[in-house]
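What follows is a single structure, written as structure tokens, with notes after it.
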Amino acid sequence: MKVTFVYPKFEKFLESLPALNQQLVDHYLGNFTTPPSLGIPMLAAHTPPEWDVALIDDNNGDSVDFGADTDLVAINCFTPQGTRALELADGFRAAGKLVVMGGFFPSTRPNDALAHADAVNIGDGESTWKQILEDATQGTLKRKYLGGTRSDLSRLPIPRRDLFYKKSGYDWNADLVQVARGCTYACSMCAIPTHQGHRIRLRPIEDIVEEIAALRYDNVYIAEDIVFFQNRRIEKWATELFEAISPLNKKFFVSSTMSLNTSDDFLDRIARAGVSSFYCTFNVDPKSIRALGGDPTMRQEAVDLVRRVEDRGMRFFASFGMGRDWDGPEIVDSILDLCVKAPIRTAEFFLFTPFPGSPQFERLERQQRILHYRWREYNGAHVVWQPLGVSPDTLYEMYVDAWRSFFESLCAAEVVEKLAPDQSAGQKQRRRERVGLEN
Ligand code: B12
Ligand code: SF4
């Protein structure tokens, strides 16, 4: 028996931005091909040995052979991959293949998936995958498999990342590790509680250590922001986690917001553990919303946070969302001003997209403000909803302006450094001021 996993292509932020100066993109961001998800490696690791496993990585440019010799096609996708995933499902079914879909998009839009596939998995895959394979063998595949949000995260097999390591199209030298699932909050833009449950499931620390120790790359992404939650159980677990991974000598990327645990003590711990990059999302949590709205105390707190992170040797990577109902054109100036003052040297910008499964999606649907359901464009780089206060075109221009202005100021900073290496500190400072850089 053979299962063929399919990872559909999706459009990256910068592919969606032809208006941006290509030199800036090439210089600062490279191809920005981004890493694959872990869904396929995790399911592959749960696949019994009597099944052969193949991967068609459409995102990497693999050719798609709809007539491929396989007993089951298993498509994994999040929302920006939705359009392509449904096209691929149609193609495989037209060629007589059995198709099952799972991941964030099918779990939150199961009926869309079922209009194109034989079966859909909603929620976790660990609890259903073997049954799906068994039913496919017996010719008794059901329409819906309810994977739920409660499967046990202890002793998970090590994901088969080798499937993606073989692909040439990824310019990443980093591995992604999942340390927990679910969330007790309900941030408006986030589909995690819907897809993974409203209860936090923490993986045992020894399992995480074992998995990280076996990774190919030195750079490791821990992308769950619950690591920074200020709750006694999680703080204790996170403290132990960072202590346990510290001897592994990896460089970790972590993800947080200004409103989570950014105490000096915690920042010291994560720096000691080898965190080299601190990704901080703005305009999603109460503190950064106030900072971007102009609250001087919160703006100072943001500036201080950048310094406190970078003083500990970690790169501050800011991700600025725009398009909340109260955001007007002034938010671009507010973001850029903060970048200059802090200073923030690494940043990305995204539009506050209503992803299915998020509270924001439900609200905008109720308010009939969703402009279309072209899932390909749900990638954070298109205005797919009717904003309040500004037109969709104005919001899009604001978004492009933020990317362009930020990277032009970086270029300017670099020119100051490179073209004038022997100028005095005072001369450099005057040049910096002219291009809007204050440090
Ligand atoms: C890794 C990651 C990425 C990777 C890969 C994305 C991907 N294909 O998943 C990259 C870097 C490319 C990425 C990009 C983006 N991401 Co992202 N990313 C994540 C992250 C951190 C982890 C996802 C992951 O791998 N999870 C682990 C796997 C195991 O989970 P899973 O795929 O759901 O698989 C399980 C089940 O669903 C099931 N399953 C999955 N597939 C299948 C198939 C079958 C057949 C079956 C039976 C079961 C099954 O089994 C698996 C095990 O239980 C999540 C946040 C998080 N902490 O979860 C956000 C997340 C997925 N990203 C998100 C978003 C919005 C983005 C962006 C579009 C925008 C942005 N601002 O970040 C960008 C796009 C950037 C761009 N335009 O250039 C949203 C998704 C929203 C949605 N509803 O789709 C999330 C949830 C973040 C959030 N808090 O909102 N991201
Ligand atoms: S953004 Fe983070 S804190 Fe908010 S609901 Fe999602 S996982 Fe939880």
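Structure notes:
- Any chance D268 is farther than 20 Å from R155 by Cα, more than 16 Å from ligand 1 (Cβ to nearest atom) and acidic (D, E): yes
- Residues of segment 175-212 that are among the aliphatic types (A, V, I, L, M), in contact (Cβ under 8 Å) with a residue 24 or more places away in the chain and near ligand 1 (Cβ under 10 Å from one of its atoms): L176, V177, V179, A180, M189, A191.
- Wholly enclosed helices (runs of 4 or more DSSP H) of segment 96-186 bearing at least 3 residues closer than 20 Å to Q81 by Cα: 104-108, 110-114
- Selection within segment 273-312 - aliphatic (A, V, I, L, M) and either under 14 Å from R345 (Cβ atoms) or outside the structural domain of S256 (by TED's automatic domain parsing) (or both): V303, V306, V309
- Per-region count, segment 208-254, residues assigned to a loop (DSSP other than H, G, I, E, B) and closer than 19 Å to L153 by Cβ: 6
- Residues of segment 303-345 that turn out to be within 15 Å of ligand 1 (Cβ to nearest atom), surrounded by fewer than 20 Cβ atoms within 10 Å (Cβ to Cβ) and over 24 Å from D393 (Cβ atoms), as a count: 1
- Note on segment 190-243: residues that are touching a Ser or Thr at 6+ places or on another chain (Cβ under 7 Å) and hydroxyl-bearing (S, T, Y) total 1.
- Of the residues F316, F320, F349, the single one that is of a type outside the set (D, E, K, R), in a strand (DSSP E or B), without any contact (Cβ under 8 Å) to a residue 40 or more places away in the chain and touching a helix residue (DSSP H, G or I) at 6+ places or on another chain (Cβ under 6 Å) is F316.
The values are calculated or read from the model by the stated rules, or taken from the named source; none is laboratory data. The model shown is predicted, which means the values in this text are computed figures rather than measured ones. Backbone-built Cβ (ideal geometry, glycine too); neighbour counts: all protein chains shown.
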